[in-house]
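What follows is calculated from the coordinates using simple rules that are stated; it is not laboratory data. Because the structure is a prediction, the values reported are computed rather than measured. Note that we place each Cβ from the backbone using ideal geometry, even for glycine, and neighbour counts take in every protein chain shown.
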Amino acid sequence: MENNCLNCNKVRKVVMIGCGFVGAACCFAIMQSGLFSEMVLIDADKAKAQGEALDISHGVPFAKPIKIYAGDYDDIKDASLIIISAGANQKPGETRLDLVKKNISIFKSIIPEIKKRDYNGILLVVSNPVDILTTVAIKLSGLPQNKVLGSGTVLDTARLKYELGNHLNVDSRSVHAFIIGEHGDSEIAVWSSANVSGIPLNKFCEMRGYCNHEDNMQKIADSVKNSAYEIIERKKATYFGVAMAVKRICEAIIRDEKSILPISSMMHGQYGIEGISLSMPAIVGKDGVETLVPIQLNKEETEKLQQSAKTLQDIIKQNEF
C-alpha cells in the first residue's frame with residue numbers, strides 16, 4: 001500500500017513555538033485555512049499557550065475540524081511542520097538586526113529541544129532577524145538544509161505588490177515583482193524583472209499615465225522597507241500581514257504546490273554568496289526548499305544583494321553560536 005505520509009510524519013499536524021502577537025495571529029490564520037487537523041501551541045508561558053489555544057478553538061465551528069491544544073516539546077515528534085515565532089518583540093526605533101543577541105539566545109534553547117527528539121519534518125522560522133535565525137536554525141538543528149526555511153521576504157513582496165497595485169490602480173495579484181536579500185533595511189526591490197501580467201513595469205506605468213519612474217520606484221521601495229516601522233510606531237507590533245504570509249508558505253508545503261516564494265534559505269554560491277541564508281525566490285513544496293529560482297538581476301541589484309549578504313555575514317561573525 002502506498003504511504004502518502006509527508007516525510008513519514010503526521011502530515012496534518014503543525015506545531016507553533018512562540019505564542020506572542022505573531023504566533024497567535026499565525027495560529028488563527030492557519031486554523032481558518034483548513035490545512036491541518038491538529039495544531040499544538042508551545043510557549044515558555046504555558047498559561048499563555050493554553051489561553052490562545054482555547055480562544056482560537058472557539059472559532060472551529062466556523063471553520064474546518066481541527067484539534068488545537070497547548071503542549072510541550074514531546075508533542076513535536078510526529079508533526080510535519082514546526083513554526084518558530086518565539087523571540088523578543090521589535091520595539092519602536094529598533095531594527096530587526098537589533099534583536100540578534102536576544103533571539104539567538106532564545107534559539108539556542110529551542111533548537112536543541114527539537115533536535116533531541118529526532119524531528120525530521122520541516123522547520124519554518126518566522127522570528128526576526130529571520131535570515132540570521134534561519135542560518136542559526138540550520139546549523140544547530142542538524143536537519144537537511146532544504147528542510148529549514150525562513151518566512152523571508154514573502155510579506156515584503158506582498159507589500160510591494162500591494163503598493164504597486166495601488167499606484168497603478170490594478171489588481172495586486174497581477175503584479176509580479178520580488179523583494180530579495182535581507183528581510184530588513186538592506187532589502188532590494190527587483191525592478192529590472194518586475195512586470196504586470198508580462199508587461200514590463202515601466203511600460204505598464206506609461207500605459208497608466210506615469211512617467212516619473214525613478215522617483216516613483218524609490219518612494220514605493222522606501223514605503224515597503226519602512227512599513228513595519230510605521231506599523232510598530234502606531235500599534236506596537238506587526239502580526240496580521242506576517243500571519244497571512246506564513247499561511248501562504250504552509251499552503252505551498254502541505255499541498256506540495258511547487259510555488260515560487262521569496263523564502264529565506266541557505267545560499268551556496270549563487271550570485272557569489274556563500275554560507276548565509278538570504279531571502280530569494282525558491283520553489284517550495286512538501287520537502288521544503290526544492291531549488292532557488294535564478295531570477296534576472298542587473299548589475300546594481302546584484303551588487304546590492306551581495307552587500308546585503310555581507311551585512312548579515314558580519315552580524316553572524318559578531319554573534320558566534
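Tabulated values for the structure
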{"item": "The chain: C-alpha pair distances exceeding 34 Å, %", "result": "21"}
{"item": "Cα centroid separation - the range 33-111 against the range 155-214, whole Å", "result": "32"}
{"item": "Amide proton proximity set for Ile276, modelled H, under 5 Å, gap of 5+", "result": "Met267"}
{"item": "Calculated from backbone phi, Karplus (6.51, -1.76, 1.60) coupling profile of the range 265-277 in Hz, x at Gly/Pro", "result": "8, 5, 8, 10, x, 5, 6, x, 10, 9, x, 9, 7"}
{"item": "Residue among Met31, Met207, Met267 with the largest mean-square fluctuation in a Gaussian network model of the chain, springs linking Cα atoms under 10 Å", "result": "Met207"}
{"item": "Rounded to 5, percent antiparallel among DSSP beta bridges of the chain", "result": "50"}
{"item": "For the range 154-318, alpha-carbon Rg relative to the globular expectation (2.2 N^0.38 Å, N residues)", "result": "1.05"}
{"item": "P(r) histogram, all alpha-carbon pairs of the range 115-180 included - 5 Å bins from 0, percent", "result": "4, 17, 20, 15, 11, 11, 9, 7, 4, 1, 0"}
{"item": "Helical segments meeting 20 Å axial Cα length and Kyte-Doolittle -1.0 threshold in the chain (DSSP H)", "result": "100-115, 154-168, 240-254"}
{"item": "For the range 229-244 and the range 262-321, distance of Cα centres in Å", "result": "25"}
{"item": "FRET efficiency, Ala44 to Ser223 (Cβ-Cβ, R0 30 Å, nearest 0.05)", "result": "0.25"}
{"item": "Computed over the range 4-85: relative contact order in percent, which uses C-alpha pairs under 8 Å that are six or more apart", "result": "45"}
{"item": "GNM top mover of Leu140, Leu54, Leu124 - the chain, alpha-carbon springs below 10 Å", "result": "Leu54"}
{"item": "Rounded to whole Hz, the Karplus (6.51, -1.76, 1.60) HN-Hα couplings of the range 195-210, x for glycine and proline", "result": "8, 10, 6, x, 8, x, 4, 4, 5, 5, 4, 5, 4, 9, x, 10"}
{"item": "When the convex hull of its Cα atoms is projected in every direction, mean area for the range 6-150 (nm²)", "result": "8.2"}
{"item": "Under-5 Å amide H pairs with Ile68, H placed in peptide plane, nonlocal only", "result": "Met39"}
{"item": "Contact order normalised by residue count of the range 6-150, Cα under 8 Å, 6+ apart, percent", "result": "25"}
{"item": "Whole-Hz ³J(HN,Hα) from phi, Karplus 6.51 cos²θ - 1.76 cosθ + 1.60, for the range 284-291, glycine and proline x", "result": "10, x, 5, 9, x, 8, 7, 6"}
{"item": "Over the chain, relative contact order from alpha-carbon pairs under 8 Å, at least 6 apart, %", "result": "18"}
{"item": "Choice from Val14, Val190, Val246 with maximal GNM fluctuation in the chain (Cα, 10 Å cutoff)", "result": "Val190"}
{"item": "Computed helical MRE - 222 nm, the chain, DSSP H runs ≥ 4 contributing -39500 (n - 2.57), nearest 500", "result": "-13500 deg cm²/dmol"}
{"item": "The range 25-134: trypsin sites (Lys or Arg not before Pro) in DSSP coil with no more than 10 other Cβ atoms inside 10 Å", "result": "Lys116"}
{"item": "Additional length obtainable on full extension of the chain from Lys67 to Arg173, 0.36 nm per residue less Cα span", "result": "34.9 nm"}
{"item": "Cut-off under 5 Å, modelled amide H: who pairs with Leu35 long-range", "result": "none"}
{"item": "Total lysine pairs under 18 Å (Cα atoms) in the range 154-318, excluding pairs fewer than 8 apart on one chain", "result": "12"}
{"item": "Low-density loop positions, trypsin sites (Lys or Arg not before Pro), the range 233-302 - DSSP coil, at most 13 other Cβ in 10 Å", "result": "Lys236, Arg255, Lys258"}
{"item": "Environment charge at Ala158 (Cβ cut-off 12 Å; Lys +1, Arg +1, Asp -1, Glu -1)", "result": "+3"}
